[in-house]
Amino acid sequence: KFADLHETGQWGGLTKWEKYGICLISLGALAAAIVVGLKYGRSSVEDTPSPTRSPTSSPSASPSASPTGAPTDSSYRETHGLGLMTVASPKLTLPKDPTELKGAKNNVDSTPQELAAEFVLYDDPMNLDARDPRFMERYALVVFYFQNGGCAGDWITQTKWLEVPPPDDLDGDGSEANSTISSSFSSSSSSSSADHCNGWHGIVCDLKKRVIEINLSNNYVTGELPMEFGQLSELSTLDLSNNALVGEVPAVALSLERLFTIQLNNNKLEGEFPFAQVKQGATILDNLWIQENDGLNGAITEAYCELNSVTLDCNNFDPQPTYPVEDSGGLTTFEVDCRRSDLSSPKEYTCNFDPAVPFTKPPAGAGATNAPAASPAPATVCGTPAVNR
């Protein structure tokens, strides 16, 4: 072509293949430009969108690659936290508006749940986020404190339970970080001193500060077993034996996935023990001691044949775990029924005939170890249980 241009002064015509080649080169260059533009221009365009002149009905930006955090303001914590508490507690024990909880500690008609909710939402120095699993564990323990005699001073030992912090937990200027809470408890700038995993009598936690054991046996614990215990999802041992518990046993309080040992023997519990519901939730339950509760009854199920240890009152439960006269080999009726179903009977099964021995609180000064002198006197308002409907 250059030769034609030199000889004739004209470029000359293009062949078909030459035209194809020019088209392919042009398309290749265009494709390369598009790729480069998409690679280096997309982020800056998406990151700085131009504002619209009027509000749009739907979001104009694309979703972020990673989720953003949930709201962290106090109103969200109060609303969400109260919602969780309402689900966990009986009806008629909590208001719908969290602000109605303020002042519960000064109202003689407050329920234990209202007192606990007010404390956790507004007065607790730990100030746990409502999404923290320890938030509801904290609530369950504080309900237990108000409902079962801790607040009233019935407990023989209640070391550090909602205790006023020592002076070295105060701010550098000598003042407490939060206002003092009347009567029963006080806030502190140091959440570690108020942590229930840091010395509350009878409470044991794991390395993640989740409650794994409650052991308040022989402590004159009164009242009904709180259904809020159902929030203690990591609990493995519950020992409230030799106390003064009354009322029926709520299944939700014991239907915990990790619960391994239940000791409620020698109390004043009554009604039907929820064998089926408890074992359905507490799938790894291995030890059940519920004897010496004269008013407690129920029908033990075959699911308990595989437990390590079962102790209950002989005359209160169906099938009657009495000793068969013939062909029993010294086994109880319950053990015989287990073996007839090709199931292994408990390694240790005790059929108790002894009556309950009422547990009484020792007089003051006779070994009682209530909270230290630095702690306040028992609150005048400890909560009046609401009627469950």
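If you take every residue apart from A251 with its C-beta less than 12 Å away from the C-beta of A251, what net charge results, scoring Lys and Arg +1 and Asp and Glu -1?
-1
Expressed as a rounded percentage, what relative contact order does the stretch 221-299 have, with Cα pairs under 8 Å and six or more residues apart? Could you put the intermediate results ahead of the total?
Details: 191 pairs, mean separation 24.1, N = 79.
Normalised by residue count, the contact order of the stretch 221-299 is 31 percent.
Let me cross-check I300: its accessible surface, 1.4 Å probe, with only protein heavy atoms counted, in Å² to the nearest 10?
20
Would you list W17, W200 from the most to the least accessible area, probe 1.4 Å?
W17, W200
Determine the alpha carbon to alpha carbon distance for each of K91/K347; K160/K268; K160/K208; K102/K209 and list only those over 31 Å.
The answer is K91/K347.
Give me the percent of the accessible area of the stretch 209-331 that comes from carbon and sulfur atoms, probe 1.4 Å, all protein chains in place.
42
I want the local charge near G223. Using Cβ-Cβ distances under 13 Å, sum +1 for each Lys or Arg and -1 for each Asp or Glu among the other residues.
Here the charged neighbours net out to -3.
The values are calculated or read from the model by the stated rules, or taken from the named source; none is laboratory data. These numbers were taken from a predicted model, which means no experiment stands behind them. All Cβ positions, glycine included, derive from the backbone under ideal geometry; neighbour counts span all protein chains shown. What goes into the accessible areas is simple: the full protein's heavy atoms, side chains included, and nothing from ligands, DNA or RNA. Shrake-Rupley method; radii C 1.70, N 1.55, O 1.52, S 1.80 Å.
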